[in-house]
Amino acid sequence: MVSTSNAEVEKIVRSLCWWGRDCYCVGKANLLEDGTCGHRFDAWLPALPDLTIDHKYVFTEVGYNLKPLDLQGAIGLAQLKKMDRIHKLRKSHFDTYRAFFAQYPDLFRIAEVSPKADVSWFGFPVTVITDKFTKDQLTRFLESAKIQTRNYFAGNLLFHPAYAHLGNPHDFPNAVTATRSTFFLGVSPNLTGEQLDYVTSKLAEFIASV
């Protein structure tokens, strides 16, 4: 979801989520005979100046079909009522993990919060920086204890078959590190204190064993 008070940004983002359409009519404006711009049917294609075309089907951006369904909108409106609580819990769970991992600065690098940001965390990113064990060994241990983990998204995309033709992944060492050594722990607002204690106890157990 994107929220903005800038009319120009709204126009661009709306275009990107509506297949890249140039038309910016929304709501009741769709019922106007000539649209918001006043000349809905006009010579909109520079390469075809003699062709009159509906502005609603002129595409000026490489866009996507990202319009939510009514059901998704209803769920989103219900979730917005819980947003403050969700935000508070995600930050609290993040802080729990940060306090744990901060005890091991020689083993892990963790994210630090910018003083200008109020982050609603997707997850807790951890980078393994030691030679004593690998990310793979740690995440396999956690998964075997029924603690789910996630890669740091795709890491370096140039390692992936679909993008390998675009360049040498080793030209981007930070992205290589993210691929090899970084993973997420969940900070879902549904986590209980007991579950967080279980995760940190298992992490401590693994660290003590290496």
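The values are calculated or read from the model by the stated rules, or taken from the named source; none is laboratory data. Since the model is a prediction, treat every value here as computed from it, not as a measurement. Don't worry about glycine lacking a Cβ; one is built from the backbone with ideal geometry, like all the others, and counts go over all protein chains shown. With ligands, DNA and RNA removed, areas are computed over all heavy atoms of the protein, side chains included. Shrake-Rupley method; radii C 1.70, N 1.55, O 1.52, S 1.80 Å.
Some values worked out for this structure:
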| quantity | calculated |
| --- | --- |
| Region 1-14: number of residues that are under 20 Å from LEU69 (Cβ atoms) and either surrounded by 12 or more Cβ atoms within 10 Å (Cβ to Cβ) or touching a residue at least 40 places away in the same chain (Cβ under 8 Å) (or both) | 3 |
| Flag if SER201 is within 27 Å of ARG90 (Cβ to Cβ) and in contact with a Lys or Arg (Cβ under 7 Å, 6 or more places away or on another chain) | no |
| Residue within region 168-180 that is under 20 Å from PRO105 (Cα atoms), of a type outside the set (Ser, Thr, Tyr), in contact (Cβ under 8 Å) with a residue 40 or more places away in the chain and open to solvent by 70 Å² or more (accessible area, probe 1.4 Å) present | yes |
| Residue in region 26-44 that is closer than 19 Å to GLY73 by Cβ, open to solvent by less than 60 Å² (accessible area, probe 1.4 Å) and of a type outside the set (S, T, N, Q) present | yes |
| Residues of region 90-140 satisfying the condition of being assigned to a loop (DSSP other than H, G, I, E, B), of a type in the set (Gly, Ala, Ser) and either loosely packed, with under 13 Cβ neighbours inside 10 Å or without any contact (Cβ under 8 Å) to a residue 12 or more places away in the chain (or both) | ALA102, SER114, ALA117 |
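Residue-wise test of (1) touching a strand residue (DSSP E or B) at 6+ places or on another chain (Cβ under 6 Å); (2) more than 26 Å from PRO125 (Cβ to Cβ); (3) among the aliphatic types (A, V, I, L, M).
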{"position": "ILE12", "(1), (2), (3)": "no, yes, yes"}
{"position": "ASP34", "(1), (2), (3)": "no, yes, no"}
{"position": "HIS55", "(1), (2), (3)": "no, yes, no"}
{"position": "THR60", "(1), (2), (3)": "no, yes, no"}
{"position": "LEU77", "(1), (2), (3)": "no, yes, yes"}
{"position": "ASP84", "(1), (2), (3)": "no, no, no"}
{"position": "LYS88", "(1), (2), (3)": "no, no, no"}
{"position": "SER92", "(1), (2), (3)": "no, no, no"}
